[in-house]
Amino acid sequence: MIQSFFNPEIIVAAMPIVLAGLFNTILLSLIVVPLGLAGGLVLAMLASVKSPLVRWPLMAWVDFFRAFPPLVLLVLLFAGLPFAGLELGGFACVAIAFFLNTGSYYGEILRAGIDSVPHGQVEAARSTGLSGLQAMGYIVLPQAVRNVLPDLLSNTLEVVKLTSLGSVVAVPELLYQARQAQSITYNPTPIVMAAVIYFLILWPLVRLLSRLENRALAGRG
Amino acid sequence: MIVSAKGIHKHFGHLHVLKGVDLEVAERELVFVIGPSGSGKSTLLRCLNRLEQPSAGSVTVDGIDMLAPATDINHARQRIGMVFQSFNLYPHMTALGNVALALRKVAGKSRAEADALGLAALERVGLADRATHRPLELSGGQQQRVAIARAIALEPRVMLFDEPTSALDPELVGSVLAVMRSLRESGMTMIVVSHEMAFARNAADRVVFMDDGLILEQGPPAAIFENPAHERTRAFIGQIQRH
């Protein structure tokens with residue numbers, strides 16, 4: 001049992017490979033989370049435009065990418081784009097797929113947050129001469145983000161977990177590296193290492209999320 | 001005339017809320033607008049700073065055509081302060097933050113200048129000692145006074161009050177009215193939508209009675225309260241005074 005799953009020699013041998021994967025997972029998260037948030041912010045702000053010319057395409061976009069499995073999207077981009085003359089590589093494909101997929105999720109969360117801010121806030125801001133964008137940036141968004149912080153964090157957790165999909169298109173992130181190490185050593189210990197590392201980086205976020213959710217519940221009561 | 005609204009119509013879908021309202025206000029005048037709920041008082045006020053876009057008519061404030069497409073509305077709104085029934089303070093900022101924001105972002109003052117002017121405005125409403133408090137740590141009356149400070153900090157030429165005391169507990173109304181009175185004494189032009197008849201009686205220059213989207217009659221408070229010309233005005237004032 002110890003020899004198969006917690007083999008000390010293999011832990012030592014595989015550590016550099018697995019840590020290189022951890023580095024890439026963190027790098028990937030640091031790219032796809034802000035990218036998704038930025039895309040979501042644009043979608044959420046477009047959602048306040050009343051014109052049907054914006055509204056309908058926006059709804060179709062968000063619905064499509066929320067209904068489309070991110071793994072399928074990723075494989076489609078990776079396998080399909082070269083035929084369109086675009087050789088982007090795994091890393092860029094993951095970034096694009098996540099931008100499309102998680103951007104739509106972040107967008108819906110932020111839209112709900114913006115809707116939760118009373119309209120009187122915007123009116124007060126506009127009455128003092130702030131522009132619509134200034135009112136959004138200084139008054140609405142800070143309150144909106146605070147109101148949906150647990151949902152934003154929860155989605156971010158999902159995004160970090162989903163970076164393991166990158167292994168499918170040979171992005172050397174944590175899971176991919178662990179599998180490499182496993183196939184070299186003929187031992188599942190590296191996979192266990194990856195699992196433990198995922199847990200260690202995500203667990204503090206999960207704790208934080210519970211605390212935020214409890215506080216939100218208390219605030220509501 | 002510092003405020004001149006002519007032929008204002010406002011439709012909300014098939015609702016015809018304002019049906020051709022003319023309102024002229026002279027500098028330093030305090031005009032009180034009264035009338036039953038749904039008569040269009042608040043909508044009229046909101047048309048003056050274009051929080052609502054009138055369906056027809058013209059609005060000039062301090063010589064600026066508020067409805068012209070070429071008018072920089074954000075610049076023009078600095079001259080027109082507005083106070084809302086529900087205060088609408090920014091809950092994520094301190095009292096001073098609320099007051100200083102537009103000074104920095106609209107009037108272009110430095111942070112130090114904006115803070116100094118903001119503190120002076122809070123001083124005028126008697127709340128300089130609450131500068132670092134968040135709105136939720138203040139009473140309703142204090143919140144409304146911060147909202148007044150937020151508006152007057154920009155040194156507007158006209159102040160609009162949309163039922164400023166309606167959301168307040170009765171014992172807190174007096175402090176807000178006191179601030180409004182001192183503002184009046186400093187020579188501010190004010191247009192006030194409110195049911196505070198006692199205040200109207202001894203502070204207003206003119207009382208305007210609105211009903212069903214029209215101004216039915218207007219005149220000095222004594223004339224409107226003691227001797228209204230219209231049956232509708234008489235009925236409304238009788239109702240208010242019975243409370």
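The values are calculated or read from the model by the stated rules, or taken from the named source; none is laboratory data. Here the structure is a predicted model, which means the values were calculated and not measured. All Cβ positions, even for glycine, are placed from backbone atoms using ideal geometry, and neighbour counts span all protein chains on display.
Quick notes on this structure:
- Qualifying positions in the stretch A:176-197 - among the hydrophobic types (A, V, I, L, M, F, W, C) and either at positive phi or surrounded by fewer than 22 Cβ atoms within 10 Å (Cβ to Cβ) (or both): A:ILE184, A:ILE191, A:VAL192, A:ALA195, A:VAL196, A:ILE197
- The residues in the stretch A:122-139 that are assigned to a helix (DSSP H, G or I) and either modelled with pLDDT under 90 or more than 18 Å from A:GLY39 (Cα to Cα) (or both) can be counted, and the count is 11.
Residue by residue, here is whether (1) more than 8 Å from chain A (Cβ to nearest Cβ); (2) on the phi > 0 side of the Ramachandran plot holds:
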| site | (1), (2) |
| --- | --- |
| B:GLY57 | yes, yes |
| B:VAL61 | yes, no |
| B:GLY81 | no, no |
| B:LEU89 | no, no |
| B:ALA114 | yes, no |
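- The listed residue being at pLDDT 95 or above and not β-branched (Val, Ile, Thr), out of B:ALA149, B:ALA107, B:ALA167: B:ALA149
- Per the listing B:SER139, B:SER110, the residue uniquely surrounded by fewer than 18 Cβ atoms within 10 Å (Cβ to Cβ), more than 12 Å from chain A (Cβ to nearest Cβ) and under 23 Å from the mean Cα position of the chain (by Cα) is B:SER139.
- A:ALA112 being within 18 Å of B:MET82 (Cβ to Cβ) and hydrophobic (A, V, I, L, M, F, W, C): no
- Subset of the stretch B:154-180 that is outside any helix (DSSP H, G or I) and among the charged types (D, E, K, R) - its residue that is farthest from the other protein chains (Cβ to nearest Cβ): B:ASP169
- Here A:PHE83, A:PHE91, A:PHE99 are screened, and the one residue that is of a type outside the set (S, T, N, Q), surrounded by fewer than 15 Cβ atoms within 10 Å (Cβ to Cβ) and modelled with pLDDT under 95 is A:PHE83.
- Test for B:ALA151: is it assigned to a helix (DSSP H, G or I) and closer than 15 Å to B:ASN88 by Cβ: yes
- Identification of helices (runs of 4 or more DSSP H) wholly contained in the stretch A:1-89 with 2 or more residues that are touching a Cys at 6+ places or on another chain (Cβ under 8 Å) and closer than 27 Å to A:TYR198 by Cβ yields A:70-80.
- Some residue of the stretch A:210-219 being of a type outside the set (D, E, K, R) and touching a residue at least 24 places away in the same chain (Cβ under 8 Å): yes
- Selection count where residues are within 26 Å of A:LEU212 (Cβ to Cβ), facing chain B (nearest Cβ under 10 Å) and not aliphatic (A, V, I, L, M), scope the stretch A:121-157: 6
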